[in-house]
Amino acid sequence: MKPVLLALMFLSEEHIAQMAQTFEVIYAPDAPQAAAAIAQHGSRVRVVLTIGSVGLSPAQIDALPVLTLICALGAGYENVAVDYAKARGIVVATGAGTNDDCVADHTWGLLIAAQRRILPLDKATRAGIWRTALPLPPNVSHKRLGIIGLGTIGKKIAQRALGFEIEVGYHNRSARTDVPYRYFADVAALAEWADFLVIATPGGAGTKHLVNAGVLNALGPRGVVVNIARGSVIDTAALADALREGRIAAAGLDVYESEPLPPAELLDLDNVVLTPHVAGWSPEAVQASVDRFMENARRHLAGEAPVTPV
């Protein structure tokens, strides 16, 4: 018999079919379906596939007595009860590294669109407004980029900055020894130095509202903030006030605290570019993430260590 897999996020029919070659797949892409699936099939579930924003709670783990592997499809796992799982001998793995390029590409799309006011310019052009009646959008090149979280994705974002001849600084829990970029121990100091502030740090309680009113004020009236990490890292109310009052110039957000609902405080602002948490989504990236899960699962079921354990 095939081992039972409980999948707790959206999957395409093609990817469900790919997983069904190895597993009996129980597909439960929202909370009510997950609760029903666990109630009906929990005693048989050996593997759970989830994402960071959905996670897997201690109570859910307790309801899965033969669970041996939890995988996050992407790199994030902030709502997976990792310590609780490991205390029960459950292996936890992620899809780290499978969508880094896609996220870095999208980051620069948001940054350029926000800095160069692409969306308002598109709207003005459709209305027949010529350039001489519009404010000049500032350069992207030759600025300073501050990155909060210089992990694998942060490093990819920094690498792309070099093509724009941009100076890079970063904030981490500690300085890295393998990069030439300037390190800032304080987020507000990084924001004060930077023209652009990109958030690429993990979510969770430790980074909640790390970018607050004080950090946004430090970024200043010509500053642009971009978030491709987790919505919880920015204080949305403080961001809305800063944008409305001109204390920062613009923002590009792929994530927000209200997900999957759009951020109501920002919807009437033309200096915000919004996308629906798709920075890591492309045909190539999603397939790579699914393939990584399948390889992690194959190794685990064969008694081997996964490729990308937590």
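The strands (runs of 3 or more DSSP E) found entirely in region 158-246 that carry 3 or more residues being more than 22 Å from Asp268 (Cα to Cα) and of a type outside the set (Ser, Thr, Tyr) are 167-171, 196-199. Residues of region 67-100 that are under 12 Å from the mean Cα position of the chain (by Cα) and polar (S, T, N, Q): Asn99 alone. The single condition from (1) open to solvent by 30 Å² or more (accessible area, probe 1.4 Å); (2) more than 17 Å from Ile147 (Cα to Cα) that Lys208 fails is (2). With respect to the conditions (1) crowded, with 16+ Cβ neighbours inside 10 Å; (2) within 27 Å of the chain's Cα centre (by Cα); (3) not in a loop (DSSP other than H, G, I, E, B), Gly42 lacks only one, and its number is (2).
Yes/no per residue for (1) under 22 Å from the mean Cα position of the chain (by Cα); (2) modelled with pLDDT under 95; (3) open to solvent by less than 40 Å² (accessible area, probe 1.4 Å):
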{"residue": "Ala133", "(1), (2), (3)": "no, no, no"}
{"residue": "Pro138", "(1), (2), (3)": "no, no, no"}
{"residue": "Lys155", "(1), (2), (3)": "yes, no, no"}
{"residue": "Val168", "(1), (2), (3)": "yes, no, yes"}
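Please enumerate the residues belonging to region 259-310 that are of a type in the set (Asp, Glu) and touching a His at 6+ places or on another chain (Cβ under 7 Å). Scanning region 259-310 gives a single hit, Glu259. Gly203 fulfils the conditions (1) touching a residue at least 60 places away in the same chain (Cβ under 8 Å); (2) more than 17 Å from Ile234 (Cβ to Cβ) except for a single criterion, (2).
Listed here are the residues, each with its yes/no results for (1) within 25 Å of Glu13 (Cβ to Cβ); (2) surrounded by fewer than 18 Cβ atoms within 10 Å (Cβ to Cβ); (3) free of Cβ contacts under 8 Å to residues at least 40 places away in the same chain.
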residue	(1), (2), (3)
Ser258	no, yes, yes
Ala264	no, yes, yes
Leu269	no, yes, yes
Pro283	yes, yes, yes
Val290	yes, no, no
Arg299	no, yes, yes
Ala302	no, yes, yes
Val310	no, yes, no
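The values are calculated or read from the model by the stated rules, or taken from the named source; none is laboratory data. Every value quoted in this text rests on a predicted model; they were computed, and no experiment measured them. Every residue, glycine as well, gets a Cβ built from its backbone with ideal geometry; the counts of neighbours run over all protein chains shown. All accessible areas refer to the heavy atoms of the entire protein, side chains included, with ligands and DNA or RNA removed. Shrake-Rupley method; radii C 1.70, N 1.55, O 1.52, S 1.80 Å.
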